[in-house]
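The structure that follows is given in the form of structure tokens.
The values are calculated or read from the model by the stated rules, or taken from the named source; none is laboratory data. As the structure is a prediction and not an experimental result, all values here were calculated from the model. Don't worry about glycine lacking a Cβ; one is built from the backbone with ideal geometry, like all the others, and counts go over all protein chains shown.
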Amino acid sequence: MSDEPAAGATTAGDDAPGSKTESTDDGLVDRLLAGDHRALARTISRIENRRQGYRELVSDLYDHTGTADVIGVTGSPGAGKSTLVDKLAETYRERGETVGVIAIDPSSPFTGGAVLGDRIRMASTVGDMDVFVRSMSARGTLGGLSTATTDAVTAMDAFGKDKVIIETVGAGQNEIDIVRTADTVAVLVPPGSGDAVQTLKAGILEIADVFVVNKADRDGADRTVQELMEMIELGEGPSFGASAGHHGPDASGHHGTDAGGHDVGDADGHNGAHDEPERQEPVDGDASDATRSWQPPIVETVATESRGIDELLDAFADHRTYLVDSGERETRSHRRHAEEIRTLLREDLHELLEGELDRHGGVDGLAEAVQRGETDPYTIADDVLDPVERCLSDLDASIE
């Protein structure tokens, strides 16, 4: 049997504790950059498990990134995300592009590992080594994305994947974390959602670059499309998209195609998803108008029959063109790197503080002291942070 992994296989065991690869990274980056899928799998295992040396691996890969399109697919459970992602990957391959898929699964409360294994539901590309599918655990994060996801995207980007697709857990309004990682976010809305569509107003609606009404052959699809159109039209102003730091609509009113690829006109007869979004020039130096010039199209699909997939990929391409032409791609990249820095600092500071808590007797011992009335949580926090603050003050003084 070849030691190459099967297409789409997860190889977490390749980097298990005590294995040879745990302590030897010789040539791993070089093999990844040379197109070795086994090296990619081992790198992602090292990243996900946060094993020693993973940060150096990711750091070495950064110079080789920046070319992949990162597409997030999110929506409520049962909307058909996995089937849609499978068809997206298949169609991209038919167009000659390579694909990486990261399927974020709910994490096991016992092991912390992924419990669904979405690659089981992605059968169309089995055997195609240019489609690399990896299931990763959400590890309890509210946004449905583990902190390792961005690093895994970095690895796939450096590997040379043209498209990296992230499928999220589908936990409702907490899915907004995908905005911090993906260039384009597709929000799936099942037909006949009714009250569920109204619920989207409060959260997930704001993150969509493209709306997808999947399973559009079912009753209620037309109504769902109409409800989404109305919500988009009512979403004028800074509250739509601005709170998510993403985008907002213009007033063009175009909204997409049906499952057969036909343009769906708006009330004024305008046609749909593939019109160039209107470019609005900033007024008096206000860039917010420019960032609000993309209006999310609505694309109807029937993923099980591959209907509407080409139209959806075209909508993604249109959005990429908008990002590049408007300068928003550069803005999002800057925002993404800033968020990565914040995340790493939070993780490192957390570890430092855990060590300081242990030095003070551990959380349990401190909690008992509070319970006995000997101290209080605020005093403990001040005591634990005091050496950190003094260190930073000394550093500032030395710099001055």
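Only one of (1) in the same structural domain as ARG180 (by TED's automatic domain parsing); (2) of a type outside the set (Asp, Glu); (3) in contact with a Leu (Cβ under 9 Å, 6 or more places away or on another chain) fails for ARG332. Which number is that?
Of the numbered conditions (1) in the same structural domain as ARG180 (by TED's automatic domain parsing); (2) of a type outside the set (Asp, Glu); (3) in contact with a Leu (Cβ under 9 Å, 6 or more places away or on another chain), the odd one out for ARG332 is (1).
Another one. Taking the conditions exactly as written (among the aliphatic types (A, V, I, L, M), in contact (Cβ under 8 Å) with a residue 40 or more places away in the chain and surrounded by 11 or more Cβ atoms within 10 Å (Cβ to Cβ)), does LEU323 satisfy them or not? Spell out how you get there, then give the answer.
Numbers: among the aliphatic types (A, V, I, L, M): yes; in contact (Cβ under 8 Å) with a residue 40 or more places away in the chain: yes; surrounded by 11 or more Cβ atoms within 10 Å (Cβ to Cβ): yes.
When the stated conditions are applied, LEU323 passes them.
Residue-by-condition table, conditions (1) at pLDDT below 95; (2) surrounded by fewer than 17 Cβ atoms within 10 Å (Cβ to Cβ); (3) hydrophobic (A, V, I, L, M, F, W, C); (4) not in a loop (DSSP other than H, G, I, E, B):
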| residue | (1), (2), (3), (4) |
| --- | --- |
| SER45 | yes, no, no, yes |
| LYS87 | no, no, no, yes |
| TYR92 | no, no, no, yes |
| ALA103 | yes, no, yes, yes |
| GLY112 | yes, yes, no, no |
| ARG119 | yes, no, no, yes |
| THR125 | yes, no, no, no |
| THR141 | yes, no, no, no |
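Answer with yes or no whether LEU312 is surrounded by fewer than 13 Cβ atoms within 10 Å (Cβ to Cβ) and part of a helix (DSSP H, G or I). Spell out the reasoning first.
Values: surrounded by fewer than 13 Cβ atoms within 10 Å (Cβ to Cβ): no; part of a helix (DSSP H, G or I): yes.
Against the criterion (surrounded by fewer than 13 Cβ atoms within 10 Å (Cβ to Cβ) and part of a helix (DSSP H, G or I)), LEU312 does not qualify.
If the Cβ limit is 6 Å and pairs must be 6+ apart or interchain, which residue in segment 376-387 that is assigned by TED's automatic domain parsing to the domain that holds ARG359 and closer than 14 Å to LEU353 by Cβ pairs with which residue that is among the charged types (D, E, K, R) and in a helix (DSSP H, G or I)?
Hits for this filter: VAL384/GLU356.
Could you tell me which numbered condition HIS255 fails, if it satisfies all but one of (1) within 19 Å of VAL225 (Cα to Cα); (2) touching a Pro at 6+ places or on another chain (Cβ under 9 Å); (3) modelled with pLDDT of 50 or more?
Unmet condition: (3).
Further question on the same structure: Condition check: among the hydrophobic types (A, V, I, L, M, F, W, C), at pLDDT 85 or above, farther than 23 Å from ALA186 by Cα and loosely packed, with under 13 Cβ neighbours inside 10 Å. Does VAL384 satisfy that? Explain how you work it out, then say what you get.
Values: among the hydrophobic types (A, V, I, L, M, F, W, C): yes; at pLDDT 85 or above: yes; farther than 23 Å from ALA186 by Cα: yes; loosely packed, with under 13 Cβ neighbours inside 10 Å: no.
Considered against the rule, which asks whether it is among the hydrophobic types (A, V, I, L, M, F, W, C), at pLDDT 85 or above, farther than 23 Å from ALA186 by Cα and loosely packed, with under 13 Cβ neighbours inside 10 Å, VAL384 comes out as no.
Here's a follow-up. Going by what's in this entry, would GLU347 be described as over 28 Å from LYS81 (Cα atoms), part of a helix (DSSP H, G or I) and modelled with pLDDT under 85? Give the derivation first.
Working: over 28 Å from LYS81 (Cα atoms): yes; part of a helix (DSSP H, G or I): yes; modelled with pLDDT under 85: yes.
Against the criterion (over 28 Å from LYS81 (Cα atoms), part of a helix (DSSP H, G or I) and modelled with pLDDT under 85), GLU347 qualifies.
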